[in-house]
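Here is the structure we will look at, set down as structure tokens.
The values are calculated or read from the model by the stated rules, or taken from the named source; none is laboratory data. Quantities reported herein were computed from a predicted structural model and do not represent experimental measurements. Cβ sites come from the backbone with ideal geometry, for glycine too, and all protein chains shown count toward neighbours. Accessible surface areas use protein heavy atoms only, side chains included; no ligands, DNA or RNA. Shrake-Rupley method; radii C 1.70, N 1.55, O 1.52, S 1.80 Å.
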Amino acid sequence: DAPAARQAPRAGFAKALDERLWGGHLQIEATVEGVRDWRDSDDLACFQLYGRAFPITARSVLAMTREEASAVHERRWHERGRTFIVEREGRVVGLARVARSGGQFSLMVEPGQIEAAQALLAAVSRRLGKTAVHRALVPACGADEERALRDAGLEPGNEFTLFCHRTARPVLDEAHAA
């Protein structure tokens, strides 16, 4: 409800999604069964997870293609931290990115995969240890993520709206026929 949120559409920004900041101390006893480190070969599977986890309205604003998703992805998670995934029946159903320090992490799971969310939170908890505060900013549309976060001892905090403004335009290249 901030003035900037009311003015953003007039400046060409489109609302992508609502997010909620969760904070506290992770207290979870779940097993980390099926959790493993992310590999370069998981890129396509993680993009497919993004397609199942985010509503089409958010994807149409943020990124519709794999290349767009890669371009808007926050690289700091890979460069400074660690990424975990959960596979079920050969398909990636959950992903968690953990910052190297500061207790920050993100969580994304396919709808209906609460067990994957719990396993990822257990892996995150082990990775972060006893930091001062654990924090996660997750889409408010992720019911399974939010339920798992609440069950793990985190409390919901402030809500934010993510806006996106596309500045890149496709460049058409002429191709001459012989």
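How many of the residues in segment 34-46 are part of a helix (DSSP H, G or I) and among the hydrophobic types (A, V, I, L, M, F, W, C)? Explain how you work it out, then say what you get.
Of the residues in segment 34-46, the ones part of a helix (DSSP H, G or I) are 40-46.
After this cut, where a residue has to be among the hydrophobic types (A, V, I, L, M, F, W, C) as well, the list is 44-46.
The qualifying residues number 3.
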**Message:** The conditions are (1) closer than 22 Å to Thr167 by Cβ; (2) open to solvent by less than 50 Å² (accessible area, probe 1.4 Å); (3) out of contact with any strand residue (DSSP E or B) (no Cβ under 8 Å at 6 or more places or on another chain), and Ala4 fails exactly one of them. Which is it?
**Reply:** (2)
**Complete:** Restricted to segment 36-69 and to residues being more than 22 Å from Gly112 (Cβ to Cβ) and of a type in the set (Ser, Thr, Tyr), the residue surrounded by the most Cβ atoms within 10 Å (Cβ to Cβ) is Ser60
**Item:** Meets criteria (within 27 Å of Glu29 (Cβ to Cβ) and out of contact with any Lys or Arg (no Cβ under 9 Å at 6 or more places or on another chain)) for Leu154
**Value:** no
**Fill in**
Those residues of segment 14-33 that are under 24 Å from Cys141 (Cβ atoms) and either within 14 Å of the chain's Cα centre (by Cα) or in a loop (DSSP other than H, G, I, E, B) (or both) come to a total of 10
**Message:** Of everything in segment 78-102, what is at pLDDT 85 or above and open to solvent by less than 50 Å² (accessible area, probe 1.4 Å)? Give them in sequence order.
**Reply:** Thr83, Phe84, Ile85, Val86, Val92, Val93, Gly94, Leu95, Ala96, Arg97, Val98, Ala99
**Flag for Arg10 being open to solvent by 50 Å² or more (accessible area, probe 1.4 Å) and closer than 16 Å to Arg127 by Cα** = no
**Request:** Scan segment 122-138 and give yes if some residue there is out of contact with any Lys or Arg (no Cβ under 6 Å at 6 or more places or on another chain), crowded, with 23+ Cβ neighbours inside 10 Å and either among the charged types (D, E, K, R) or at pLDDT 95 or above (or both), otherwise no.
**Result:** no
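Would you confirm, using the coordinates I've provided, whether Arg75 is modelled with pLDDT under 90 and open to solvent by 70 Å² or more (accessible area, probe 1.4 Å)? Spell out the reasoning first.
Values: modelled with pLDDT under 90: yes; open to solvent by 70 Å² or more (accessible area, probe 1.4 Å): yes.
So Arg75 passes the test.
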**Request:** Would you be able to tell me the number of residues in segment 47-74 that are assigned to a loop (DSSP other than H, G, I, E, B), free of Cβ contacts under 8 Å to residues at least 60 places away in the same chain and of a type outside the set (Gly, Ala, Ser)?
**Result:** 4
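Looking at Glu33, Glu19, Glu29, which one is over 13 Å from Glu87 (Cα atoms), open to solvent by 70 Å² or more (accessible area, probe 1.4 Å) and of a type in the set (Asp, Glu)?
On the way: Glu33 fails: over 13 Å from Glu87 (Cα atoms); Glu19 fails: open to solvent by 70 Å² or more (accessible area, probe 1.4 Å).
Of the residues listed, the single one that is over 13 Å from Glu87 (Cα atoms), open to solvent by 70 Å² or more (accessible area, probe 1.4 Å) and of a type in the set (Asp, Glu) is Glu29.
Of everything in segment 148-178 that's under 30 Å from Ala4 (Cβ atoms) and charged (D, E, K, R), which residue is least open to solvent (accessible area, probe 1.4 Å)? Steps first, answer last, please.
Within segment 148-178, the first condition is being under 30 Å from Ala4 (Cβ atoms), and the residues that meet it are 149-150, 154-170.
Checking the rest, the ones that are also charged (D, E, K, R) come to 150, 155, 159, 166, 169.
Details: Arg150: 132, Glu155: 115, Glu159: 118, Arg166: 94, Arg169: 167 Å².
My answer is Arg166.
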**Request:** Exactly one condition in (1) basic (Lys, Arg); (2) modelled with pLDDT under 90; (3) under 16 Å from Thr161 (Cβ atoms) is not met by Arg20; state its number.
**Result:** (2)
**Message:** For segment 104-121, give me each residue that is of a type in the set (Gly, Ala, Ser) and open to solvent by less than 30 Å² (accessible area, probe 1.4 Å).
**Reply:** Ser106, Ala116, Ala117, Ala119
